[in-house]
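Asks: This structure is in structure tokens; I'll ask about it shortly.
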Amino acid sequence: MPIGPPSDPPVSISLSTLVRQLRAGQVTVWRGPAQRAHPQAPRIAIAELAAARERMERFQPVLRRLFPQSDWDGRVRSALLDCPIIPAGIGSLRIKADHALPMTGSIKARGGIYDLLCRIERIALAEGLVAEGGDYLALTESEAKRALGRHRIVVASTGNLGFSIGLAARAFGLAAQVHMSHDAKRWKKDRLAALGVEVVEHPFDYSRTVLAAEASARAAGDDFIDDTSSRDLMIGYALAGDEVIAQLAEVGVVPSTERPLVVYLPCGVGGAPGGVTFALKERLGAAVHCVFVEPVASPCMMLALANGGVPAAVYEYGLDNNTIADGLAVPVASDLVLDIVGDLIDAVVAVPDRTMLEWVARAWREAGLRLEPSAAAALAAVTPFVEAAPHLREAVHVAWATGGSLLPDGEFAALLRAADESVHHTS
Ligand SMILES: *Cc1c(COP(=O)(O)O)cnc(C)c1O
């Protein structure tokens, strides 16, 4: 039986019903698409994606030299894996293995690093460290590093963005100041401090940390990378769209409205899933369904969409933003992301911490994948989504594994123990 274009109309569920389910900690599915009342920002142009791809090519030899650990070729790309574990309700699943991306072990190696490279290139051209069309390997020489060291990059993070920007900024010789929200894990802070990054620890959430970081950057005249409002960041993430389409084509899969692609994208502020969604919709139109995934305690994108595209803090709905998924612990969705892709998001699934942990354990034991809870969320969302959209059971399902390969052994073992304990608790 062909599975068609949206044969069943979206079941709209009221905001108050959503909130009741979320507050009870239940898996919750919102289906769109939403209408955004007043989009402010221009969409991303295809020409911007082409320019971004060229920029990444210019930096490829530089990244390879600065991160020589493995036999990496300097291209930021991840594998598309067949997944031996298949969530109930579907026929097959593939994993986009961004958890194993070089440099940072998370999807931030796309957007975060791209935004940083844009800034480095601007400085380098302005100060004559490289010439337009020249050899960018000059950036790895000590003279260029000394010049870049006079600049400081400031960023706010729940962990992975700061970790990624800090790591890469130091590799280029830049000074870096990373403001961490209370969600950030100790090992990420320690690792950055060891690299000479100034880590500022805040006792509050991500949204307030962004404000503190911005104020600090403004006072010192530093460059501030803000993933709640950066187009460059989204463009960096968007490059993953063509990458995954080409990988599917290599195995003979071309999404169509008869057999569409469904991608499950973990969402914090929305930049990463938003960038990927923009590119996939641009290329595939109705042949792709983009499903964002959030923790039940931090469903900032779901609430914004259900509320007509207007972001509000999850606290206002009686939710506490307290989740094991540090990569997704964001109380307010990005306005820029809502402007650019708010009306393109097909669904949002909110999952409880317990289910994420369960999938951390299954991904490891049954597929050998080291995922952090934020990434395992994508796997946790598959069954609830197809239950809400049964006409998409036979679609091509891709769960975006957004991070985790760099988790230290001790951290990972603790997650597996927590998963076992939560099974005992609920059985
Ligand atoms: C940052 C991050 C996300 C979500 O990205 P946003 O741009 O904040 O929406 C998802 N998973 C992991 C592991 C991340 O680090």
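The values are calculated or read from the model by the stated rules, or taken from the named source; none is laboratory data. Keep in mind it's a predicted model, so treat the numbers as computed, not measured. Neighbour counts run over all protein chains shown; Cβ positions are idealised from the backbone, glycine included. Surface areas here come from the heavy atoms of the whole protein model, side chains and all, with no ligands, DNA or RNA. Shrake-Rupley method; radii C 1.70, N 1.55, O 1.52, S 1.80 Å.
Asks: Return the residues of the stretch 257-278 that are over 15 Å from V398 (Cα atoms) and surrounded by fewer than 24 Cβ atoms within 10 Å (Cβ to Cβ); say none if nothing qualifies.
Replies: T257, E258, F278
Asks: Suppose the filter is outside any loop (DSSP other than H, G, I, E, B), under 26 Å from G149 (Cβ atoms) and touching a residue at least 60 places away in the same chain (Cβ under 8 Å); does R94 pass it?
Replies: In short, no.
Asks: Can you tell me which residues in the stretch 130-151 are modelled with pLDDT of 95 or more and touching a helix residue (DSSP H, G or I) at 6+ places or on another chain (Cβ under 7 Å)?
Replies: Answer for the stretch 130-151, where residues must be modelled with pLDDT of 95 or more and touching a helix residue (DSSP H, G or I) at 6+ places or on another chain (Cβ under 7 Å): V130, Y136, L137, A138, L139, T140, A144, L148, H151.
Asks: Now a separate question. Please determine whether any residue of the stretch 234-250 is touching an Asp or Glu at 6+ places or on another chain (Cβ under 9 Å), assigned to a helix (DSSP H, G or I), open to solvent by less than 30 Å² (accessible area, probe 1.4 Å) and over 21 Å from V293 (Cα atoms).
Replies: Looking through the stretch 234-250, none of the residues is touching an Asp or Glu at 6+ places or on another chain (Cβ under 9 Å), assigned to a helix (DSSP H, G or I), open to solvent by less than 30 Å² (accessible area, probe 1.4 Å) and over 21 Å from V293 (Cα atoms).
Asks: Continuing with this model, one more query. Name, by its number, the condition in (1) within 16 Å of the ligand (Cβ to nearest atom); (2) open to solvent by 10 Å² or more (accessible area, probe 1.4 Å) that does not hold for A109.
Replies: Failed condition: (2).
Asks: In contact with a Gly (Cβ under 6 Å, 6 or more places away or on another chain), aromatic (F, W, Y) and either within 16 Å of the ligand (Cβ to nearest atom) or closer than 21 Å to L379 by Cα (or both): does that describe Y237?
Replies: Taking the combined requirement at face value, the residue satisfies it.
Asks: Go through A215, A193 for me and flag whichever is open to solvent by 40 Å² or more (accessible area, probe 1.4 Å) and either of a type in the set (K, R) or closer than 25 Å to L66 by Cα (or both).
Replies: A193
Asks: Take the stretch 167-180 and flag every residue that is under 14 Å from A213 (Cα atoms) and modelled with pLDDT of 95 or more.
Replies: Across the stretch 167-180, the qualifying residues are A176, Q177, V178, H179.
Asks: Is there a residue being touching a strand residue (DSSP E or B) at 6+ places or on another chain (Cβ under 7 Å) and touching a residue at least 24 places away in the same chain (Cβ under 8 Å) anywhere in the stretch 353-362?
Replies: Yes, some residue in the stretch 353-362 is touching a strand residue (DSSP E or B) at 6+ places or on another chain (Cβ under 7 Å) and touching a residue at least 24 places away in the same chain (Cβ under 8 Å).
Asks: Between V310, V296, V251, which is away from the ligand (no atom under 13 Å from the Cβ) and modelled with pLDDT under 95?
Replies: Being away from the ligand (no atom under 13 Å from the Cβ) and modelled with pLDDT under 95 holds for just one of V310, V296, V251, which is V310.
Asks: Among the listed residues D420, D343, identify the single one that is in contact with a Pro (Cβ under 6 Å, 6 or more places away or on another chain) and modelled with pLDDT under 95.
Replies: None of the others qualify; the one that does is D343.
Asks: Among the residues of the stretch 271-288, are any within 18 Å of G32 (Cα to Cα), within 11 Å of the ligand (Cβ to nearest atom) and not in a helix (DSSP H, G or I)?
Replies: No: the stretch 271-288 contains no residue that is within 18 Å of G32 (Cα to Cα), within 11 Å of the ligand (Cβ to nearest atom) and not in a helix (DSSP H, G or I).
Asks: Applying the selection to the stretch 279-304, what residues are open to solvent by 10 Å² or more (accessible area, probe 1.4 Å) and within 18 Å of T28 (Cβ to Cβ)?
Replies: H289, V296, A297
Asks: Just one of the numbered conditions (1) away from the ligand (no atom under 16 Å from the Cβ); (2) touching a strand residue (DSSP E or B) at 6+ places or on another chain (Cβ under 7 Å); (3) hydroxyl-bearing (S, T, Y) is not true of T257; which one?
Replies: The failed condition is (2).
Asks: Scanning the stretch 153-188 for residues that are within 24 Å of S334 (Cβ to Cβ) and of a type in the set (K, R), which turns out most open to solvent (accessible area, probe 1.4 Å)?
Replies: Looking at residues that are within 24 Å of S334 (Cβ to Cβ) and of a type in the set (K, R), I get K185.
Asks: Just wondering, is there one or more residues in the stretch 87-96 that are farther than 17 Å from A380 by Cβ and small (G, A, S)?
Replies: Within the stretch 87-96, one or more residues are farther than 17 Å from A380 by Cβ and small (G, A, S).
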